[in-house]
Amino acid sequence: MLRRDKVNYYLDIAQTVAERGTCLRRNFGAIIVQNDEIISSGYVGAPRGRANCSDIGACTRERLGIPRGERYELCRSVHAEANAIISAPRSLMIGSTLYLACRDAKTGELVPNTSSCAMCKRMIINAGIETVIVRNTREDYSVFPVQQWIDQDESLDGTRGY
C-alpha cells in the first residue's frame, strides 16, 4: 500500500480545515504540528460571536477593491495562522511546524504561491514556530524557515502581503 508522504498528509489536513473558512475571498487552513502531533488548528473566520462575511454576504475589502496583502484592518476575520496560535500553548509551539493551505472561496481551487501576511508572520515568529510549509498544488509545497523572516525583515523595505 502506498502511503501519502507526511508533509502532504499534514497539508491535506490543513486544506480540510480551510473548508471551515467563512471568508468570501480566500479560505486558509492552518495546523501546528510538534513531534508528529497536531497541537492546534485554525481557519479564517470572524471573532467568536460576530457575524461572518459568509453570513452577511459582504466583504468590505472586496467591495473597496483592496488587493491581497493590504489593509487587513478592514477585514472582519481572524486569519487561520492567528486562530491556530491563539489555540495553542507557546511551550508546545516552540520548534514546531505550521502547515498552511489556501482555497479560493469562489472556486474552491487551491491558491498557489501564498504565504502568511506580515501580521501573521510576526505572530508566527513570536510563537516560536520554526518552519511554515505552504501548499501550492496537491503535491507541491513551499517551505519557509521562520529564521528567514527574521533575517529578511520585510517591514524595513515596505514589502506588502504575500
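The values are calculated or read from the model by the stated rules, or taken from the named source; none is laboratory data. No experiment lies behind these values; they were computed from the predicted model shown. Virtual Cβ from ideal backbone geometry, glycine too; neighbours counted across all protein chains shown. Areas reflect the complete protein model, heavy atoms only, side chains present, ligands, DNA and RNA absent. Shrake-Rupley method; radii C 1.70, N 1.55, O 1.52, S 1.80 Å.
The condition (being within 19 Å of Gly108 (Cβ to Cβ), at pLDDT 95 or above and under 13 Å from the mean Cα position of the chain (by Cα)) is satisfied by just one residue among Ala82, Ala18: Ala18. Taking first residues from segment 40-60 that are part of a helix (DSSP H, G or I) and partners that are of a type in the set (Lys, Arg), the Cβ contacts under 7 Å between residues at least 6 apart in sequence or on separate chains come to Cys53/Arg76. Among the residues of segment 61-100, those that are acidic (Asp, Glu), assigned to a helix (DSSP H, G or I) and under 22 Å from Pro112 (Cα atoms) comprise Glu62, Glu81. Total residues in segment 103-162 satisfying the condition of being closer than 23 Å to Ile39 by Cβ, of a type in the set (Gly, Ala, Ser) and outside any loop (DSSP other than H, G, I, E, B): the figure is 2.
Among residues of segment 138-162 being more than 22 Å from Asn8 (Cα to Cα) and open to solvent by less than 60 Å² (accessible area, probe 1.4 Å), the one that is modelled with the highest pLDDT is Trp149. Annotation: Ile32 fulfils all but one of (1) open to solvent by 60 Å² or more (accessible area, probe 1.4 Å); (2) within 19 Å of Met123 (Cα to Cα); the unmet one is (1).
Listed here are the residues, each with its yes/no results for (1) open to solvent by 20 Å² or more (accessible area, probe 1.4 Å); (2) under 18 Å from the mean Cα position of the chain (by Cα).
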| site | (1), (2) |
| --- | --- |
| Arg50 | yes, no |
| Glu62 | yes, no |
| Gly69 | no, yes |
| Ser87 | yes, yes |
| Ile94 | yes, yes |
| Thr97 | yes, yes |
| Met123 | yes, yes |
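Filtering segment 93-137 to residues that are closer than 24 Å to Thr22 by Cβ, at pLDDT 95 or above and polar (S, T, N, Q) leaves only Asn136.
For Thr22, are the conditions met, namely being out of contact with any Gly (no Cβ under 8 Å at 6 or more places or on another chain) and among the hydroxyl-bearing types (Ser, Thr, Tyr)? Please lay out each step first, then the result.
Values: out of contact with any Gly (no Cβ under 8 Å at 6 or more places or on another chain): no; among the hydroxyl-bearing types (Ser, Thr, Tyr): yes.
Answer is no for this residue.
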